[in-house]
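Structure record follows, encoded as structure tokens.
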């Protein structure tokens, strides 16, 4: 691996504002952020993307170099309301969760020892993560931002 | 009560350094022993379920491992409370309990090889080192292991962006982890050339760490296939426990399958597992294709939206039903073998509150999901309570036993 675009994005996409001048195509398409910025995720994560329209939301599926697939779900309002992943590696969750990354870390620290399951259930943020080395899966979503008629079970 | 909430799983982890992975000693009940006394017979090591180094573990299985500087019979250290984990592969030691100076392993480019071991809730950053490993009377030479918690190299952003660091005995609930699952390597082909961007392995120089692919035999290795005998798998043999449980439990980890009189295959059902170590569980009409047996999970974990979950935040993720409901699930191997399993779930909060000294809770169970969503993970995780009262065979990939070729589990 050569030097990754990495260091500039240290701190996650949401420090991105600083970055914009330097790398205008990069932005953060994390949970709760605009769908228009998903292209920035793809670039940051060095993935390839496939997008699919569903009844009242769109799914952007990013194939990561690690072999893991990251899916970002965006509503008609253009906001990312959920992310889900599955594959051999945990994805870059700072990028995927954006402002909610710190919520995830705080909750995980409060429950140390839980290395094969994680369940965070807050009014504005839900995250479920499980699996073992070679096979992880998980999802995070904003319950209050779910499009009407969408069940959380569709986020996978 | 946080006891239960605290310890769910098993895993791995690590942290580390350069040429020599040394660690600051102390802690954890580790001690130096030049010559470990083998148990008898030599392919058996004692295992125990107890409260662990944090005095808070539940359904967590431990053993004692001796590590030596490769080739040395005197530079050795015996470390207790190493978690026995059939859900991972390879030995990982917490640097804070390691007093030996183990030689660090090098990546293919000659730099230091460091791993970002990943869990669902974080990562462990630490160097790979080579050690001779003795467990019971079995020995493996110059095996790559991970040393957790002593870092010479800064954690790369790519690794720290997985979550929170897990690199202390307190975070781990163990002095290390002995991964004795169905695979030879921890990561396997996904981290071998040409898969540079695997996000697990890094080549670290004094200036930077970069992702790197690692040949299979240089990855962290399950020590069992490296034993000279009894190297095709293992058997966990734990006594049965009546609910609500007991303070602690002692059993055996037996090495080898069909290699000695004490590890012969009998009438067990063999469940072959897929390329990631999983089989299928059918439960409540759900077909859960990413199911696994895991001595490193401290309960039975599955989704049943009809079963009441605990409302107390200290028991988040565990079930708290009224009464003691029983369930039946069917486990299906990739070899199309089926076997039904019945299990009982008790109220986790009542179990822990009424039995504060119990480290063994056979009816502890939990969920992956929330009240408003279900079945997200396609997983049924048969944790340590599944192992109580039976002999569970774990046959390693590519290893031939009298009744089949690994990877498979049987019981």
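Quick notes on this one:
- Computed over the range B:259-410, the quotient of the alpha carbon radius of gyration and 2.2 N^0.38 Å is 1.11.
- Residue exposure sequence - B:162, A:79 - by fewest surrounding Cβ within 10 Å: A:79, B:162
- P(r), alpha carbons of the range A:95-143 - 5 Å bins starting at zero, rounded %: 5, 20, 32, 26, 14, 3, 0
- As a rough guide to protection, the peptides B:318-329, B:245-256 ranked by mean Cβ packing within 10 Å, highest first, stand as B:245-256, B:318-329.
- Kirkwood-type hydrodynamic radius, the range B:55-188: 15.2 Å, calculated from all non-identical alpha-carbon pairs.
- Projecting label points 7 angstrom from Cα along Cα→Cβ for residue B:170 and residue A:99 puts them 3.1 nm apart.
- Neighbour counts of other Cβ atoms within 10 Å put A:127, A:133 in the fewest-to-most order A:127, A:133.
- Over chain B, the pair-distance histogram of Cα-Cα distances with 10 Å bins from zero comes to 5, 24, 33, 26, 10, 1 percent, rounded to whole numbers.
- For the range B:136-273, radius of gyration divided by Kirkwood radius, i.e. Rg to Rh on alpha-carbons: 1.03
- Computed helical MRE - 222 nm, the protein assembly as shown, DSSP H runs ≥ 4 contributing -39500 (n - 2.57), nearest 500: -2000 deg cm²/dmol
- Förster radius 45 Å - calculated FRET efficiency between residue A:77 and residue B:405, Cβ distance, rounded to 0.05: 0.25
- Shielding by partners for peptide B:193-200, expressed as the average number of C-beta atoms from other protein chains within 10 Å of each residue's C-beta, is 5.
- Test item: A:117-129 mean partner chain Cβ contacts at 10 Å: 6
- Per-q log10 I(q)/I(0), the range A:36-130, q = 0.18, 0.19, 0.23 Å⁻¹ (Debye; single scatterer per alpha-carbon; no solvent): -0.88, -0.97, -1.29
- Cα-based shape type of the range B:247-315, given that a ≥ b ≥ c are square roots of the gyration tensor eigenvalues and the cut on a/c is 1.5: oblate
- Largest to smallest principal axis extent of the C-alpha atoms in the protein assembly as shown, angstrom: 68, 58, 42
- Neighbour-count order for B:78, B:228, fewest beta carbons within 10 angstrom listed first: B:228, B:78
- Using bins of 10 Å that start at zero, the share of Cα-Cα pairs per bin across the range B:296-342 amounts to 20, 44, 26, 10, 1, in whole %.
- Shielding score for A:63-74, defined as the mean number of other chain Cβ atoms within 10 Å: 2
- Using only the C-alpha atoms, the convex hull of the range B:62-135 corresponds to 115 Å³ per residue.
- More than 12 angstrom apart: percent of Cα pairs within the range B:50-90: 66
Taken together, the values in this text are just the output of simple stated rules run on the coordinates, not laboratory data. Note that the structure is a prediction, hence the values are computed from the model and not measured. Note that we place each Cβ from the backbone using ideal geometry, even for glycine, and neighbour counts take in every protein chain shown.
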